[in-house]
Structure formats: C-alpha cells, structure tokens
Protein chains: 2
Amino acid sequence: MANDTCLFCRIPREQILIDGPIAVTARDSYPVSKGHTLIIPRRHVASFFETTDEERQAMLKLLDEMKTRLDLEHKPDGYNIGINNGPAAGQTVMHLHIHLIPRYAGDRVDPKGGVRWVLPDKAAYWKG
Amino acid sequence: MANDTCLFCRIPREQILIDGPIAVTARDSYPVSKGHTLIIPRRHVASFFETTDEERQAMLKLLDEMKTRLDLEHKPDGYNIGINNGPAAGQTVMHLHIHLIPRYAGDRVDPKGGVRWVLPDKAAYWKG
C-alpha cells in the first residue's frame, strides 16, 4: 500500500506527534505558524474524497487531539483547517494531509478572509 | 437554537443548494472562484471543534455531494477545503461554515502552498 517515493508514506519518526493505526499527525516541515501540524492517513491516498468513513473518523479524532494539545502548548487564538486537493489547489505531496494551522492575534495585520487567501485577488471581499 | 442576528441561521432560500436536516450547503456571497460553496450546520455553533459526530458526518456527506455536483457543473481541476476557526483565523460570521473552493488551472500564476496562504509571509516555503 505504501509508495516508496512518497514523503508521507515514510515520515521520519522524530516528526511524528501521534502515531495512530489509521492516521498519524506530524509537524509540518515548513511551518507557517508555531505548532503547524499535519494529519495524514497511513494509506497512500491523494484525495480527501477518496478516503473511507473509517479514515475520516480517525483523522477527525486526531484533529481534535492535536487541537487540545496545541491549546495547552501554545495557546493560539484560532485555527485554520485546510486541505489542498490536487495540484491546481496547491497540493505538492500527492498523499492527503490536513493542515491544522494555529493562528495568533497579530500574526497578520488583518486575518480576515482566512482560507479565501488561496486566491488573493478575490480574497478581500470586504473591499469589494 | 437559532440566533436572530446570525446570517447563517437564516440563509435566503435562493442561496441554498442542498437543504439537509442537520446541515445545508449554500453559495458563498463573495465567491473567490466559480462554484465556491459553503457547508453549514443548522445548529448555531461557531467552532468545528464543538460539533457532534452526527453533524460532522452530515457535513462531510454534503461536502461529497457538492464535490460531485461541482465536478459535473464546472469541471474544476482541484479543490481547497477550509475552515476559519475564530476571528484570529479570519472567521467573520460566528456560525461554522466549511469552504469548498473549486480551483481551475491557471486561476493563479502559481497555486503552490494552497491554504498556507492564510499567512502569506510564510506560505512560499519553496522560496526558503
């Protein structure tokens, strides 16, 4: 099932935070904020839309667990949760990973829009 | 349960795409791309982390259904799925909504990074 050339089929042990039977969590190698974490299914599957109910439940459980941990460790003021599904959406590693990005008050002049910033020309809807 | 002042507790009927018992889907009022859709629980709850398993299952089912519809209608090349959880993460309507953002080849010079663009100064990890 594993893909020999896939980064997320063989994550270095020191990057793994929670090592579950169906999914794992790991530090992002290029964190955009303190605590930036990835939730990754063990099975080599590229798209969220191809995951099973069991995989989804396991990933959401880990998402909850990481949120609880990060709240304690870093006390962020919010979170973005996000998936890039396909190269056109910015996916570079073709093994599904859910980003859990802690956000901190003042980490950006105006955080409004959040995940809308995947398309920056359209993100600032309030500027019409 | 509904909040009289909440936009997503009373979505105009013409914006609703799928009207489910536990969650609904609606067009985003300020779409960043063709087909930009929101998945919204009926219950007035701000955070994804406060949702029940039943709500999560209902929302993910609608996410799948909308993806199937959008594939047929607009044939996008990818999707971003994203949540802004808390004002520090860009949330402005304090009623949970999952963004399903269709992406099209060429809609941005370089789509790489995807949801990392919530923090633009750190997003372009490949530029070190």
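All of the numbers you see were taken from the coordinates with simple rules; none came from a lab. Keep in mind that this is a model prediction, so the values were computed, not measured. A quick note on method: Cβ atoms are made from the backbone with ideal geometry, for glycine too, and the neighbour counts reach across all protein chains shown.
Quick rundown of the values:
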{"item": "Choice from A:L38, A:L96, A:L70 showing the highest fluctuation, given a GNM over chain A with Cα pairs closer than 10 Å", "result": "A:L70"}
{"item": "Calculated P(r) tail over 25 Å for chain B, as whole % of Cα pairs", "result": "27"}
{"item": "Volume of the Cα convex hull of the range A:54-128, divided per residue and given in Å³", "result": "117"}
{"item": "Pair A:R10, A:K61: separation of 7 Å Cα→Cβ label points (nm)", "result": "2.8"}
{"item": "Spin-label pair B:E73/A:A124, simplified geometry with 7 Å Cα→Cβ offset, distance in nm", "result": "2.9"}
{"item": "Convex hull (Cα only) mean projected area of the protein assembly as shown, reported in nm² to one decimal", "result": "13.8"}
{"item": "Given chain B, longest segment not containing exposed loop trypsin sites (Lys or Arg not before Pro) (DSSP; at most 15 other Cβ within 10 Å)", "result": "B:35-128"}
{"item": "Compactness index (Cα Rg / 2.2 N^0.38 Å), the range A:36-88", "result": "1.27"}
{"item": "Mean Cα-pair separation over length for the range B:1-111, i.e. relative contact order, pairs under 8 Å, 6 or more apart, %", "result": "29"}
{"item": "Proximal lysines to A:K127, defined as alpha-carbon separation beneath 20 angstrom and excluding residues fewer than eight positions away on the same chain", "result": "A:K112, B:K34"}
{"item": "Under 14 Å, Cβ to Cβ, from B:T51 - net charge with Lys/Arg +1 and Asp/Glu -1", "result": "+2"}
{"item": "Gaussian network model of chain A, springs between alpha carbon atoms under 10 Å - residue of A:H95, A:H36, A:H74 with greatest fluctuation", "result": "A:H74"}
